[in-house]
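Heads up, the thing below is written out as structure tokens.
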Amino acid sequence: MQKTQFINELSIGDDVDSLFSIKYKYNIILYKNGFMFLMGLSDRTGDIEAIYWGGNEKNSTQNVHEMLKEGDIVHVTGKVGEYKNKLKIDIKESNIDLAKQYNIEDFIVKSKENVDALLSHILKIRDSLHDGYLKKLLNDFLTDQKFIKDFKTAPAALAYHHAYTGGLLEHSLNVAKICETLSEIYPNKMNRDLMIVGAILHDIGKIIEYKTTTNIKITENGILLGHITSGVDIVLKKIEKIPNFPELTKNKLIHILLSHHGKKENGSPIEPSFPEAVAVYYADEADAKIKRYIELIEKANGSKEFYIYDSKIGNIFTK
Ligand SMILES: [Fe+2]
Ligand SMILES: [Fe+2]
């Protein structure tokens, strides 16, 4: 079945007849007319909750519930309703089945950039480093095939910015490029190598914070540790394998990772305390926010409104 109906186009009362990825499902519960369960569905345009309304027969609902696994693509027919101000899809008994054929691009968005070219750019940055320890550290990451595979496919977020495969690589390179420019603005005043390696590695914990199948989902690790803690862990493990890695360089690099959200209320356990850390914080903030504006304006394209409202940013002028 060709997918022609997408989540961002759905409105209350619409008939649904389309394919979706299962992001999560809850346990079966009893309601007044029988058994039901709730699940999260997604496609490349967003997420929506759906309720499967089974009948009085617990077994038949249980069979459907057991058949559906996270990451499966399903064919759903139903109707769009509303619950607590959010759209949901009501699925009547038997109106969901596993899809035999689908196009993965309908569910997962890929970076529009050539990720191999982005990676080559990072290799060039590695070659430009002068600090032997930082160069060795970055090289150890870039010659780790498992790491490269993850770095090329990880998203930078679930929704906020660069929320697609390859997004982390794009974002990390952008932050590094902004920091390179800052080091040119302040020649000999900043440790370029420390700042650039910090920029490339600042969000590295996102490799294990998110999992991509037919949808992008936060992992248990992401919920329990978050990408800052995981990132520090990943970097420290690599540093431990490098003999005589200077203690101060290690601590300053780890400080950049820990402080890159800028403020404690934004999840940084410690706030930036030297220029290179301030640089990575603002470069990260600039890239994430500018990209967010661009993505929202692109999404709004076609709308006649001259502005849109985003709950995190506020008003965004779209003309
Ligand atoms: Fe981050
Ligand atoms: Fe970031």
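The values are calculated or read from the model by the stated rules, or taken from the named source; none is laboratory data. Small disclaimer: the values here were computed from a predicted structure and weren't measured. No Cβ is skipped: glycine too gets one built from the backbone with ideal geometry, and neighbour counts run over all protein chains shown. Surface accessibility is based on the protein's heavy atoms, side chains included, excluding ligands, DNA and RNA. Shrake-Rupley method; radii C 1.70, N 1.55, O 1.52, S 1.80 Å.
Could you say which residue among LYS264, LYS289, LYS299 is over 30 Å from GLY132 (Cα atoms), within 16 Å of ligand 2 (Cβ to nearest atom) and open to solvent by 70 Å² or more (accessible area, probe 1.4 Å)?
Details: LYS264 fails: within 16 Å of ligand 2 (Cβ to nearest atom); LYS299 fails: within 16 Å of ligand 2 (Cβ to nearest atom).
Answer to the check: LYS289.
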Long-range neighbours under 6 Å by Cβ, at least six apart or interchain, first residue assigned by TED's automatic domain parsing to the domain that holds VAL16 and assigned to a loop (DSSP other than H, G, I, E, B) within region 49-78, second hydrophobic (A, V, I, L, M, F, W, C) and surrounded by fewer than 17 Cβ atoms within 10 Å (Cβ to Cβ): ASP72/LEU98
field: Residue under evaluation LYS135, criteria (1) under 30 Å from THR4 (Cβ atoms); (2) basic (Lys, Arg); (3) touching an Asp or Glu at 6+ places or on another chain (Cβ under 9 Å), criterion not met
entry: (1)
query: Between residues in region 3-20 that are over 18 Å from LYS92 (Cα atoms) and open to solvent by 60 Å² or more (accessible area, probe 1.4 Å) and residues that are at pLDDT below 95 and among the charged types (D, E, K, R), which pairs lie under 8 Å by C-beta distance while being six or more apart or on different chains?
result: ASN8/LYS299
message: Could you go through region 150-164 and let me know if any residue there is part of a helix (DSSP H, G or I), away from ligand 1 (no atom under 16 Å from the Cβ) and surrounded by fewer than 16 Cβ atoms within 10 Å (Cβ to Cβ).
response: no
task: Working only within region 179-206, note down all residues that are surrounded by fewer than 21 Cβ atoms within 10 Å (Cβ to Cβ) and of a type in the set (Val, Ile, Thr).
output: THR181, ILE185
task: Could you list all residues from region 198-228 that are in a loop (DSSP other than H, G, I, E, B) and either more than 15 Å from ligand 2 (Cβ to nearest atom) or in the same structural domain as GLU70 (by TED's automatic domain parsing) (or both)?
output: THR213, THR214, ASN215, THR219, LEU225
- line: Counting only residues that are within 16 Å of ligand 2 (Cβ to nearest atom) and either without any contact (Cβ under 8 Å) to a residue 12 or more places away in the chain or among the small types (Gly, Ala, Ser) (or both), region 267-281 contains a total of 5
message: Which residue is nearest to ligand 1 (Cβ to nearest atom), if the candidates are limited to region 246-261 and must be open to solvent by 30 Å² or more (accessible area, probe 1.4 Å) and of a type in the set (A, V, I, L, M, F, W, C)?
response: LEU258
field: Number of the condition not met by PRO243 [criteria: (1) within 16 Å of ligand 1 (Cβ to nearest atom); (2) surrounded by fewer than 20 Cβ atoms within 10 Å (Cβ to Cβ)]
entry: (1)
message: Here is a list: GLY46, GLY34, GLY81. Which entry is farther than 26 Å from ALA159 by Cα and not assigned by TED's automatic domain parsing to the domain that holds VAL175?
response: GLY34
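So how many residues does region 269-316 have that are part of a helix (DSSP H, G or I) and among the hydroxyl-bearing types (Ser, Thr, Tyr)?
Of region 269-316, the ones part of a helix (DSSP H, G or I) are 275-300.
Now restrict to residues that are among the hydroxyl-bearing types (Ser, Thr, Tyr): 281-282, 293.
So the count comes out to 3.
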